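In what follows, a single structure is set out as structure tokens and then discussed.
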């Protein structure tokens, strides 16, 4: 998307700012608002961006995020121990799922009166959301220029830890750096020393690939084959090369879901459909019809949290409770009905048979992010301007971007979803990982816990041993020497002659003196 920004600046001297963003709609259909004394911008993909900008289908997880925020804001604003006498509010914008959609919304927001007047009227103190790493790159850079804190819910790319570029960026998930570290620790523990690596072109995949290569080397693990893929890749050739290195059964995948799907689809057509073991992270997807092939998958996932009460709340939602356009459109989409005429035939969302556990999987960090902001703001105001609890006119000068950022990074709490949050100096969450494996049960895969890994002390707890071999060469028998190959994990075995012994750490055969033979116990 082309972003054209025409501003008459600086803000102190000029009163107008002109922004033109082609094919990127605005208006009430693309926002949802709950006003407060202090307000946070939510940037999430409600709709999709295709040939028609901001078009269906809607994302049920993000639409139901409005219900979650309503619940979280009600709880926070009624809690006298957090921000007493001060209410939090949000303006939730549809960024339409495009890479630059978040940045486009920020530009549109700040054109309303140009930066200073808009902040004064709305008391915006930060941004929450930014689902993907690609979006976070542009939003994180722009917000740092504007000195507006950004708290991302799920962006994991390691490059976002660079505070020279993304100074005001913080996230509720660990960096991919920690994911790759956990993967190689787990591989080392199981003695899987010969692996392959497939990654998507771009900062997400490339930085993850560098992390795998770095930690693999530290653990003495060889990367037999590394492949970069994009939308123009010949995936048949990719699969052929994976098969070429068939001894490297562990395949680490940091790909976009579409790229991973194509690899799995094509590999499933070969005799190697159940040969490989996949390591995946939050971008790895399980596909219907490929259960046997993906049953040897391991998923390294940060703690997502859960809120059973909210899930129960969604089950009680009825069409008559839909009070804004997104919820009405979601009823039409899930119920295949027209809201004004026949959606009332459903007693609740579950009767549509479209509300599944997967909808809630990546939802709850939105509420955790609101709580993080609330606690940070409470600590900031308590320390710097406690009189603002009773005199709200002081809030604007008290909640400047640099101060909010400082207190946001310092916040430590256990959320209602069961996650312990705390951040390092780069704004990365230092969290724990669950390592899941998948077993076929009938026509489905059953998720089981294989272990846990924590960045705090880099502790691995493995709960199960697996009968998987991913090595280049097996140990040589007695009376054989090792002949090194290009990778340190690979070698050939050569048997010494009957009158030779093995010397120099099993790298040479030495002939015995005339009339002498190796002893029975000699290598």
Task: When residues of the range 145-159 are limited to those that are modelled with pLDDT under 95 and outside any loop (DSSP other than H, G, I, E, B), the one surrounded by the most Cβ atoms within 10 Å (Cβ to Cβ) - done: 158
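Every residue, every condition in (1) crowded, with 18+ Cβ neighbours inside 10 Å; (2) under 24 Å from residue 490 (Cβ atoms); (3) in contact with a strand residue (DSSP E or B) (Cβ under 9 Å, 6 or more places away or on another chain); (4) free of Cβ contacts under 8 Å to residues at least 24 places away in the same chain, yes or no:
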residue	(1), (2), (3), (4)
215	yes, yes, no, no
224	yes, yes, yes, no
229	yes, no, yes, no
238	yes, yes, yes, no
243	no, yes, no, no
249	yes, yes, yes, no
- [ ] Residue by residue through the range 78-100, note down the ones that are over 30 Å from residue 50 (Cβ atoms) and surrounded by 19 or more Cβ atoms within 10 Å (Cβ to Cβ).
- [x] 83, 86, 88
Open item on the list: Against the condition assigned by TED's automatic domain parsing to the domain that holds residue 257, in a helix (DSSP H, G or I) and crowded, with 21+ Cβ neighbours inside 10 Å, how does residue 187 come out, does it pass?
Closed with: yes
Task: Residue that is surrounded by the most Cβ atoms within 10 Å (Cβ to Cβ) [pool: residues in the range 1-41 that are modelled with pLDDT of 85 or more and part of a strand (DSSP E or B)] - done: 40
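For every residue, the table says whether it meets (1) within 30 Å of residue 369 (Cβ to Cβ); (2) modelled with pLDDT of 95 or more; (3) outside any helix (DSSP H, G or I).
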site	(1), (2), (3)
217	no, yes, no
247	no, yes, yes
252	yes, yes, yes
273	no, no, yes
279	yes, yes, yes
282	yes, no, yes
300	yes, yes, yes
Open item on the list: For the range 384-396, give me the residue count where each residue is in contact (Cβ under 8 Å) with a residue 12 or more places away in the chain and assigned to a helix (DSSP H, G or I).
Closed with: 6
TODO: Among the residues of the range 462-472, write down those that are modelled with pLDDT under 95 and either over 30 Å from residue 436 (Cα atoms) or in contact with a strand residue (DSSP E or B) (Cβ under 6 Å, 6 or more places away or on another chain) (or both).
DONE: 462, 463, 464, 468
- [ ] Would you point out which residue out of 449, 445 is assigned by TED's automatic domain parsing to the domain that holds residue 216, in contact with a helix residue (DSSP H, G or I) (Cβ under 6 Å, 6 or more places away or on another chain) and either surrounded by 11 or more Cβ atoms within 10 Å (Cβ to Cβ) or within 30 Å of residue 419 (Cβ to Cβ) (or both)?
- [x] 445
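The values are calculated or read from the model by the stated rules, or taken from the named source; none is laboratory data. The structure displayed is predicted, hence computed values, not measured ones. Cβ sites come from the backbone with ideal geometry, for glycine too, and all protein chains shown count toward neighbours.
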